[in-house]
Structure formats: C-alpha cells, structure tokens
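> Take this structure first; my questions come after.
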Amino acid sequence: MTVPPKDGSAPRAPLSYGERPQLSVGRFCAKVLFTMFFARASVVGRENIPKGDSPYILALNHRSVLDPALVWAFYPDPVYFLTRQQLHDLPIFGWMCHRVGNIPVRPGPFDLRAIRTAVSYLTRLERNVAVFVKGLATGEGGPGEVNHGCALLASRTGARVVPAHVHGTDEALPPRSIVPRFTNELSLHVGKSLDLNLSSRPRRQELEQATARVLAAIAGLDPRLLAGLHGHADAQSPRGDG
C-alpha cells in the first residue's frame with residue numbers, strides 16, 4: 001500500500017527513467033560501460049520485482065565498485081542509491097552522484113540526515129531506494145561491515161524489501177583494482193519481496209534480526225549456492241540403468 005505524502009498532497013506514481021533525464025543518461029552510460037568491457041549481464045527473477053506503484057527498498061550485496069553501474073544498466077526499475085559521502089566528494093563522480101539523485105551517507109553508525117532523505121524518497125517522492133546491506137568487501141577478501149539502514153528505513157516507511165544478489169562483479173573489477181577483466185558471468189538475481197513487520201521505533205536487537213533475515217535472503221540467491229543445491233539434488237535422485 002502506498003504511503004501518502006505527509007504534506008497531504010495526492011501521491012504520484014514512481015518515476016520512470018523517461019521522467020528523469022539524468023537517470024536515463026546514467027543508465028545509458030552504464031550500458032555502454034558494460035558493452036565495452038563485459039558481456040551483457042542477465043537479470044534472473046524479474047517476476048519478483050514488485051508490479052504495483054508502491055516504492056520499495058532494493059537490498060543488495062556489495063562486492064565491487066561496479067555494483068551500482070550493473071544495477072543502473074540492467075535492473076528494470078529506476079532506483080536511487082545510498083552511497084558513501086567520500087564518493088560525492090570526488091570532483092567528477094561526485095557531481096554525477098548528485099545529478100542522478102543518489103543520497104550521500106556520512107561515516108558512522110547512522111547518518112540521520114541520509115535516513116531522513118531516504119524516508120522522503122520512499123514516501124513523499126515515491127522513489128525506490130537501493131541499499132547495500134554490507135559495505136564493500138576489503139581487498140584481502142574480508143567481509144564488509146554490516147549496516148542496519150535497510151531495516152531502519154523499512155521500519156520508518158513500511159516499505160517492502162526486495163533482496164537481490166549481484167554476481168561476478170568482484171571478478172570483473174576486484175576491490176582496489178582499476179583494470180577491469182572481461183567476463184560473461186555477470187548477473188543480478190532478484191528474490192521475492194520481504195515484509196519485515198518492524199515496529200516504528202525498533203530496538204537494536206529487532207534491527208539486527210531483520211538485517212540478518214535480509215542478508216540470509218540475499219545469500220540464498222547466490223547462483224553458486226543454487227548450483228550446488230541443484231547438483232546435490234541431481235546426485236541424490238535415482239537414475240535408471242538405461
């Protein structure tokens with residue numbers, strides 16, 4: 001159900017790419033990037049993308065700086081990322097982040113300004129918001145830091161969470177690398193949306209439990225895990241003697 005704007009005005013349908021030229025330009029540039037360096041990526045689970053006019057939170061894993069570009073290029077719905085303030089401070093890339101409407105997030109447990117802006121996107125402006133539930137993994141292969149921003153946004157807005165798993169970008173452009181590698185195994189796997197059923201003022205334990213649920217849903221979309229499960233099922237299934 002669409003959350004009405006707090007100012008009492010009539011709600012509007014979510015923006016399409018055509019309604020915001022900057023997003024269309026960003027999408028075009030991202031597609032050119034992937035066409036030049038990589039094979040076309042595939043989007044698996046399109047049927048799980050919400051069809052209604054209610055905005056939602058796209059919750060993603062994060063393995064490479066290519067992840068936002070992959071989503072921009074191939075994900076059907078326009079989304080607005082919460083991105084690190086450091087990226088917005090860069091001379092050219094920061095200007096691009098601002099022009100496409102990304103939300104800067106300052107370092108720390110919770111950037112209340114960024115949370116308020118994201119809440120406004122989801123309610124008053126009715127825009128889909130994309131969140132990396134874990135920070136970018138380190139170059140040594142260590143895991144990224146878990147953040148509870150996705151769960152907090154869901155509690156403040158009632159928006160559903162759509163889990164999605166980005167695959168292959170860490171092979172195409174590993175952390176701390178500047179030279180992309182050709183690959184034809186880039187993919188975005190979209191899962192069924194989640195209703196986190198959070199209270200409007202959740203305790204930290206409630207946020208942690210909701211975040212763990214989202215992370216589990218994202219991990220369950222990993223094509224390597226799915227391939228292993230299918231392989232195990234095939235090995236266990238009875239076979240005829242021919």
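The values are calculated or read from the model by the stated rules, or taken from the named source; none is laboratory data. Since we're looking at a predicted model, the values are computed, not measured. Please note: Cβ atoms are built from the backbone with ideal geometry, for glycine as well, and neighbour counts cover all protein chains shown.
> Which members of segment 44-85 meet the condition of being free of Cβ contacts under 8 Å to residues at least 60 places away in the same chain and of a type outside the set (A, V, I, L, M)? Give the derivation first.
Step one: of segment 44-85, the residues free of Cβ contacts under 8 Å to residues at least 60 places away in the same chain are 47, 51-52, 69, 72-73, 76, 79-81, 83-85.
Scanning segment 44-85 gives Glu47, Lys51, Gly52, Trp72, Pro76, Tyr80, Phe81, Thr83, Arg84, Gln85.
> With (1) modelled with pLDDT under 95; (2) out of contact with any Lys or Arg (no Cβ under 9 Å at 6 or more places or on another chain) as the list, and Asn184 as the residue in question, which single condition is left unmet?
Of everything listed in (1) modelled with pLDDT under 95; (2) out of contact with any Lys or Arg (no Cβ under 9 Å at 6 or more places or on another chain), Asn184 misses just condition (2).
> If I go through segment 192-216 residue by residue, how many of them are assigned to a helix (DSSP H, G or I) and either of a type outside the set (A, V, I, L, M) or modelled with pLDDT under 90 (or both)? Step through it out loud before you land on a result.
Filtering segment 192-216 down to residues assigned to a helix (DSSP H, G or I) leaves 204-216.
Applying the additional criterion that residues be either of a type outside the set (A, V, I, L, M) or modelled with pLDDT under 90 (or both) yields 204-206, 208-209, 211, 213.
So the answer is 7.
> Considering only helices (runs of 4 or more DSSP H) fully contained in segment 22-111, which possess at least 3 residues that are among the aliphatic types (A, V, I, L, M) and modelled with pLDDT of 85 or more? Steps first, answer last, please.
On the way: elements: 67-74, 85-88, 93-100.
The helices (runs of 4 or more DSSP H) meeting that bar are 67-74.
> Could you grab me the full set of residues in segment 39-73 that are surrounded by fewer than 22 Cβ atoms within 10 Å (Cβ to Cβ) and of a type in the set (A, V, I, L, M, F, W, C)?
Ala39, Val43, Val44, Ile49, Val65, Ala69 - these are the residues of segment 39-73 that are surrounded by fewer than 22 Cβ atoms within 10 Å (Cβ to Cβ) and of a type in the set (A, V, I, L, M, F, W, C).
Table: residues versus (1) at pLDDT below 80; (2) within 22 Å of Ile49 (Cα to Cα); (3) assigned to a helix (DSSP H, G or I).
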site: Glu171; (1), (2), (3): no, no, yes
site: Pro180; (1), (2), (3): yes, no, no
site: Leu188; (1), (2), (3): no, yes, no
site: Ile218; (1), (2), (3): no, yes, yes
site: Asp234; (1), (2), (3): yes, no, yes
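> Considering segment 195-215 alone, what residues qualify as being over 30 Å from Phe34 (Cα atoms) and crowded, with 17+ Cβ neighbours inside 10 Å? Before the answer, list the steps.
Going through segment 195-215, the residues over 30 Å from Phe34 (Cα atoms) turn out to be 195-213.
Listed by number, the residues that qualify are Leu196, Leu198, Pro202, Glu206, Leu207, Ala210, Thr211.
For (1) part of a loop (DSSP other than H, G, I, E, B); (2) at pLDDT 75 or above, each residue gets a yes or a no:
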position	(1), (2)
Leu136	yes, no
Pro143	yes, no
Cys150	no, yes
Ala159	yes, yes
Ala164	no, yes
